[in-house]
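Presented below is the structure to which this report refers.
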Amino acid sequence: MNKTVDVVIPTFHPDEKLCTLLKSLLEQKYPVGHILIMNTQQEFWDSKIEGLSEKIIVEHIEKSRFDHGGTRHQALLKSRADVVIFMTQDALPADDHLTEQLLRPLEDQEVAVSYARQLPAEDCAYIERYTRGFNYPAASRVKSKKDLNRLGIKTYFCSDVCAAYDRNIYLQLGGFERPVIFNEDMIMAARIIQAGYKVAYAAKAQVIHSHNYSGLRQISRNFDLAVSQADHPEIFSGVSSEGEGIRLVKQTASYLAKRRPWLLPALIWQSGCKYLGYRLGKRYKSLPLGLILRLTDNKEYWKRRLS
């Protein structure tokens, strides 16, 4: 491989984990050219991060200007690399072969994006640990338009927690939706698939990343997810999302019943919160603004949208 690669990381209130991430990226066997950080809330910035390497470039933006798609797109335009890897500040490479394994599927000129496997952190809750394995299995896969009938919404699954994009194809297709409330990665993956390109899941490219969200936080995240789908019927109306969610719940329930049945009530609660948020998000146009602002995880988006 002889592709050049840059990394883009949006940050908000970064902590020591960001330093660990940056050091790991700088030590990758397949070297990165630049690490572009788009940081909000400058008053929380730790200047020692910039001192780690000349490869680190930081731009500070106002919180009100942050957009899941627009901010990432703005950073990509600053790069001249063949491949741009998008990461989140809380994802840590599992080893020093992350960039190498992410770029490997991009040797196929029909593959436009390659995303990494997410492994649970040490503090990951039991149910979430199973969910990680469901969404990020051990086997790699390359998805194309021919998989839509078999995989449904899973064909479009992709995560900017750690994903490498062929920069030329990305620009050819117009880049991330902007503005967008959430889910810029799946919307972009859908456009990649619909344009005849492929999406690769690179299971050997691994990052440690998981969350122990409360039920209320699950409502907000799934509300925003559903809003993004409702706003793009040209992508999501032809594929069902709910079937995949039901399959996850059934498999998780079967797994818990055999091993930790006392966790079944927690699964029911979490699944109910996810479904409630999703259904409300699908119908957001009929909801009062006050309720929308209580449900969303991205109030700045609505402020910009309504201004």
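The values are calculated or read from the model by the stated rules, or taken from the named source; none is laboratory data. Because the structure is a prediction, the values reported are computed rather than measured. With ideal geometry, Cβ positions are generated from the backbone for all residues, glycine too; neighbour counts draw on all protein chains shown. Just the protein is used for accessible areas: all its heavy atoms, side chains included, with ligands, DNA and RNA removed. Shrake-Rupley method; radii C 1.70, N 1.55, O 1.52, S 1.80 Å.
Is one or more of the residues making up segment 216-227 without any contact (Cβ under 8 Å) to a residue 40 or more places away in the chain, open to solvent by 60 Å² or more (accessible area, probe 1.4 Å) and out of contact with any helix residue (DSSP H, G or I) (no Cβ under 8 Å at 6 or more places or on another chain)?
No.
Name the residues in segment 51-94 that are among the small types (G, A, S), within 19 Å of D160 (Cα to Cα) and open to solvent by 40 Å² or more (accessible area, probe 1.4 Å), would you?
Matches in segment 51-94: A94 only.
Would you mind telling me which numbered condition in (1) touching a helix residue (DSSP H, G or I) at 6+ places or on another chain (Cβ under 8 Å); (2) at pLDDT 95 or above; (3) open to solvent by 40 Å² or more (accessible area, probe 1.4 Å) H97 fails?
With respect to (1) touching a helix residue (DSSP H, G or I) at 6+ places or on another chain (Cβ under 8 Å); (2) at pLDDT 95 or above; (3) open to solvent by 40 Å² or more (accessible area, probe 1.4 Å), H97 is out only on (1).
Report whether or not K29 is out of contact with any Ser or Thr (no Cβ under 6 Å at 6 or more places or on another chain) and part of a helix (DSSP H, G or I).
Here the answer is no, as K29 does not meet what is asked.
Test L119 against the stated conditions and say whether it is touching a residue at least 60 places away in the same chain (Cβ under 8 Å) and open to solvent by 30 Å² or more (accessible area, probe 1.4 Å).
Yes; evaluated as a whole, the condition is true for this residue.
Can you tell me which of (1) open to solvent by less than 10 Å² (accessible area, probe 1.4 Å); (2) of a type in the set (S, T, N, Q); (3) touching a Pro at 6+ places or on another chain (Cβ under 9 Å) is the one S140 doesn't meet?
(1)
In the set Y156, Y130, which member is in contact with a strand residue (DSSP E or B) (Cβ under 8 Å, 6 or more places away or on another chain), surrounded by 18 or more Cβ atoms within 10 Å (Cβ to Cβ), hydroxyl-bearing (S, T, Y) and within 21 Å of R247 (Cβ to Cβ)?
Selected residue: Y156, the only one of Y156, Y130 that is in contact with a strand residue (DSSP E or B) (Cβ under 8 Å, 6 or more places away or on another chain), surrounded by 18 or more Cβ atoms within 10 Å (Cβ to Cβ), hydroxyl-bearing (S, T, Y) and within 21 Å of R247 (Cβ to Cβ).
Go through segment 170-273 and tell me which helices (runs of 4 or more DSSP H), entirely inside it, have 3 or more residues that are within 21 Å of the chain's Cα centre (by Cα) and at pLDDT 95 or above.
184-194, 215-230
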